[in-house]
Amino acid sequence: AQRGETILELEGLIKRFGEFAAIDGVDMTVERGEFRSVIGPNGAGKTTLFNLISGALPVTSGTVRFDGDDITSMSPEARVRAGIGRSFQISNVFGGLSVRENVRLAAQANQQADYSIVQSLFKTTDRYSDINEATDRTLERVDLADLADVEANALAYGDRRRLEIGVVLAADPALVLLDEPTAGMSVEETRETIDLIEEVLVDQTLLLIEHDIELVMELSDRITVLNRGEVIAEGSPEGIAADQAVQDAYLGG
Ligand code: ADP
């Protein structure tokens with residue numbers, strides 16, 4: 001698995017709600033190691049696109065390929081095990097469990113997929129040490145080792161966000177979907193979240209949907225612009241900022 005190879009490939013993707021095509025023939029590829037953002041005016045189809053990638057919604061037609069495999073008909077759970085993590089808008093944290101228990105559950109769910117029944121009968125010790133190692137590694141990575149025994153409900157806002165990212169990372173995802181990470185946040189919380197993304201997710205392949213253009217310009221390697229369910233532009237932040245079709249789409253509402 002090399003940086004630069006295709007990790008996610010969408011081909012001829014269409015999603016209709018009745019007669020209305022929310023996603024209307026999207027082709028898009030994401031390469032391993034890149035930070036890609038998907039932007040577009042309200043109603044452009046960003047959330048729908050994410051739901052098709054994560055498996056929360058079935059496609060009407062077209063193909064979703066991940067790491068070389070056709071995953072178009074896979075359940076959301078199977079996609080998580082295959083390596084697609086999703087964070088932010090959908091909370092994945094159990095408030096009544098400790099920080100460590102939350103991370104451990106996520107690590108365990110992932111490890112279970114990697115072990116056969118025979119292996120789990122005869123190699124329980126190895127399996128538990130693998131899960132414990134993955135848990136400790138993740139707690140260090142999101143800087144929550146000191147708070148490992150604290151109940152998630154008792155965490156400060158920023159630490160709760162760290163835990164949400166930790167739960168995603170514990171499953172060792174090859175691609176992380178970030179769903180409007182700063183929605184509803186104050187300026188200060190937004191800054192904190194951007195720093196967190198830059199600090200903790202620096203080596204990950206990331207796909208972000210976000211309406212805050214400034215944030216997108218600051219973080220992205222490449223940007224895909226959706227309008228009325230179609231890709232109208234794709235390129236570097238500088239290229240996108242100068243693109244007439246993009247300006248028209250935003251000004252035209
Ligand atoms: P965005 O995230 O870019 O704001 P959405 O993907 O949420 O856009 O929505 C795209 C379009 O699809 C909108 O016009 C929205 O009203 C419509 N839409 C989204 N979900 C549904 C649904 N479950 N049923 C009918 N229409 C929907």
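Bear in mind these aren't lab numbers, they're just calculated from the coordinates by the rules spelled out. Remember, predicted model here, so these are calculated numbers, not experimental data. Please note: Cβ atoms are built from the backbone with ideal geometry, for glycine as well, and neighbour counts cover all protein chains shown.
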Just to confirm the number: angle between the C-alpha axis of helix 124-141 and the first principal axis of the chain, 0 to 90 degrees, nearest 10?
50 degrees
Once you've got the GNM for the chain with C-alpha springs shorter than 10 Å, pick whichever of Arg191, Arg86, Arg222 has the biggest mean-square fluctuation.
Arg191
Give the average over all directions of the projected area of the C-alpha convex hull of the chain, one decimal, in nm².
14.7 nm²
So how do Phe94, Phe50, Phe20 line up by other beta-carbon neighbours within 10 Å, fewest first?
Phe20, Phe94, Phe50
Per GNM of the chain with C-alpha springs under 10 angstrom, the most fluctuating residue out of Leu49, Leu207, Leu97 is Leu97
Under 8 Å for C-alpha pairs, at least 6 residues apart: give me the relative contact order for the chain, rounded to a whole percent.
28 percent
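Restricting the count to DSSP beta bridges whose residues both fall in the chain, what percent are antiparallel, rounded to a multiple of 5? Walk me through the intermediate numbers first.
Working: 22 of 38 bridges.
Percent antiparallel among DSSP bridges in the chain is about 60.
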Calculated from DSSP H runs of 4 or more alone, at -39500 (n - 2.57) each and per residue, what is the 222 nm mean residue ellipticity of the chain, nearest 500?
-12000 deg cm²/dmol
Any idea what angle helix 157-170 forms with the longest principal axis of the chain, computed on alpha-carbon atoms, 0 to 90 degrees, nearest 10?
80 degrees
Acute angle (nearest 10 degrees) that the helix 99-114 long axis makes with the longest principal axis of the chain, alpha-carbon atoms:
80 degrees
